[in-house]
1. Which length gain, in nm to one decimal place, applies between B:K154 and B:H409 when the Cα-Cα distance is subtracted from 0.36 nm times their residue separation?
2. Can you tell me the mean projection area, over all orientations, of the convex hull of region B:178-228's alpha carbons? Units nm², please.
3. Taking the Cα centre of the protein assembly as shown as origin, sum charge times position over the Cβ atoms of Lys and Arg (+1) and Asp and Glu (-1), and report the length of that vector in debye to the nearest 20.
4. Which cross-chain or sequence-distant (5 or more) residues have an amide H under 5 Å from the amide H of B:I37, H modelled 1.01 Å from N in plane?
5. Taking 60 Å as R0, compute the FRET efficiency from the Cβ-Cβ separation of B:T209 and B:K268 and round it to 0.05.
6. Using only atoms on other chains, find how many Cβ atoms lie within 10 Å of each Cβ of peptide B:260-268 and report the average.
7. What's the FRET efficiency of A:D92 with B:S15 using the Cβ-Cβ distance as r and R₀ = 45 Å, to the nearest 0.05?
8. Would you kindly give the portion of the calculated P(r) for chain B that falls above 29 Å, as a percent of all Cα pairs?
Amino acid sequence: MLLIDCPHCGPRDVTEFHYGGEAHIARPEDPDAVTDAQWADYLFMKKNTRGLFAERWVHSQGCRRWFNAIRDTVSYRILAIYPMGTPMPDLDTLRQEADR
Amino acid sequence: MPRFSIFSVARNALSHHENWPRLWRSPEPRPAYDAIIVGGGGHGLATAYYLARNHGVTNVAVLEKGWIGGGNTGRNTTIVRSNYLWDASAHIYEHAMKLWEGLAEDLNYNVMLSQRGVMNLAHNLGDVRESRRRVFANRLNGVDAEWLTPEQCKAECPILNTSPGLRYPVMGATFQRRGGVARHDAVAWGYARAADARGVDIIQNCEVTGILRDGDRVTGVETTRGVIRAPKVGIVTAGNTSVLGQMAGLRLPIESHPLQALVSEPIKPVHPIVVMSNAVHVYVSQSDKGELVIGAGVDGFVGYGQRGGFSIIEGQMGALKELFPIFSRLKLMRSWGGIVDTCPDASPLITKTPVQGLYINGGWGTGGFKSTPGSGWCFAHTIAQDEPHPLNAPFSLERFVTGDLVDEHGAAGVAH
Ligand SMILES: Cc1cc2nc3c(=O)[nH]c(=O)nc-3n(C[C@H](O)[C@H](O)[C@H](O)COP(=O)(O)OP(=O)(O)OC[C@H]3O[C@@H](n4cnc5c(N)ncnc54)[C@H](O)[C@@H]3O)c2cc1C
Ligand SMILES: [Zn+2]
């Protein structure tokens, strides 16, 4: 069971949150201009990373705000939480910090 | 390979069952094969068996990073049925069902198929309409299906709580009498033994760490036991399908999630069938040992850790207790998790890929045990002929580009 540190409310049980899947997927600027294959890639194809993974969460039973997290999908440990719209933290640095 | 029979059991009883031979060899990997199967679960082993049996391709290796059947094959709740909604699914799952019905004889190995009937409960008007539609669709496809009233549900399964006062009352159910359960380990072992007897090398403790390519052709794999070459490589790694896909530079429409199951302490036979409920989300059967086998739901997040959250189990237990008050004081003995690979349309991939000679069989999500024989049958055809079998042609990677999805969220809505 995860304990997630909501940036607005503090640490809360995972049951208060909903999962938003992979982060940093940009909707094509001009949907009419992309091919079917590009649209399929945007809509369906997933990184599904085994290891450090950038993902979205919403504190649906609390402040109802969205944020991004970097989580290790094998140990389930959360290594960073950061606002949506900001760049992904450097994964190598996070990995080194976590190993220490 | 010595055949199993009443006589061989009697003969071996004389030597206290100490002289049974090994079921399969444990060979060193050879430098090259005609085909490599990555993943020694039921689907991979069935693929190897049907490659040899149906297509005469016997120079085959199955590479398994742990022990065979140690993935989802040995972790699932073993429900077998074929009552899916759409033609494409009904055809492939029903093909698997027919193979199940003759599997023990074909493999000369008891897979303990028990066709005790599978009941899918409906708890609201939407459920009722959707379920009845599925019963009619099943019948049109030659799949046995019945619609049961709450009274008929009670007659089939007397311990089921059908009182109208439930928070989510039982308003009826679909029933497939040919459905049931099978012994998961036996399926892996039976296919392994039969494939080995036809010349297939089953190589355990051999993890694939890279896919070798020459331009857009596959040429072999890198493993923890060295490079092994082959012009054809089939990936059948369930929860790790995306990981293997990445090794070949492919992006796949798959997300991996933890899925848990539990067993109770053993009790006398009380539960004659398999009961599943999408709406309150629980499914339960009773094993020959007397334990209740209970399936939970997936954790919503991506996970590869083979364990899930306790909150999921808590939800399951609430649903179980409401439907079966008789279980309220049972102790649970064990719980465990597997990693299931889900596709957006809740249907699998059995497909060629943009890389020549590389094939993928995955995305079976929470419900692929039931399809093990059919999946292996079709994947072996796809690999041997370099072309899909008509039964798996709809389950291609291209369907995500064309939009021709096979939406089975109704039939596969409960994780099983
Ligand atoms: C808790 C639970 C309950 C379920 N209940 C049901 C049910 O009731 N009915 C049903 O029909 N389905 C059920 N399922 C789903 C079903 O178990 C799977 O769909 C099915 O077993 C998949 O079979 P497989 O052979 O493809 O996968 P697996 O048995 O997982 O085999 C894949 C193998 O690949 C190996 N592997 C992975 N990576 C590598 C690598 N790099 N190199 C070499 N080998 C590798 C793994 O070690 C594993 O042994 C359930 C699943 C779970 C987890
Ligand atoms: Zn919050």
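1. Numbers: separation 255, 0.36 × 255 = 91.80 nm, distance 2.66 nm.
Between B:K154 and B:H409, full extension yields 89.1 nm more.
2. Values: hull surface 24.5 nm².
It is 6.1 nm².
3. Working: 51 positive and 52 negative charges, 286 e Å.
About 1380 debye.
4. B:A61, B:V62, B:L63, B:G234
5. Taking R0 as 60 Å, the efficiency between B:T209 and B:K268 is 0.75.
6. Values: counts 0, 0, 0, 0, 0, 0, 0, 0, 0.
That average works out to 0.
7. Approximately 0.15, to the nearest 0.05.
8. On the way: 37912 of 86320 pairs.
Cα-Cα pairs of chain B separated by over 29 Å account for 44 percent.
The values are calculated or read from the model by the stated rules, or taken from the named source; none is laboratory data. What you are looking at is a predicted structure, and each value in this text was computed from that prediction instead of being measured. Don't worry about glycine lacking a Cβ; one is built from the backbone with ideal geometry, like all the others, and counts go over all protein chains shown. To get the accessible areas, we keep the full protein, side chains included, count just its heavy atoms, and leave off ligands, DNA and RNA. Shrake-Rupley method; radii C 1.70, N 1.55, O 1.52, S 1.80 Å.
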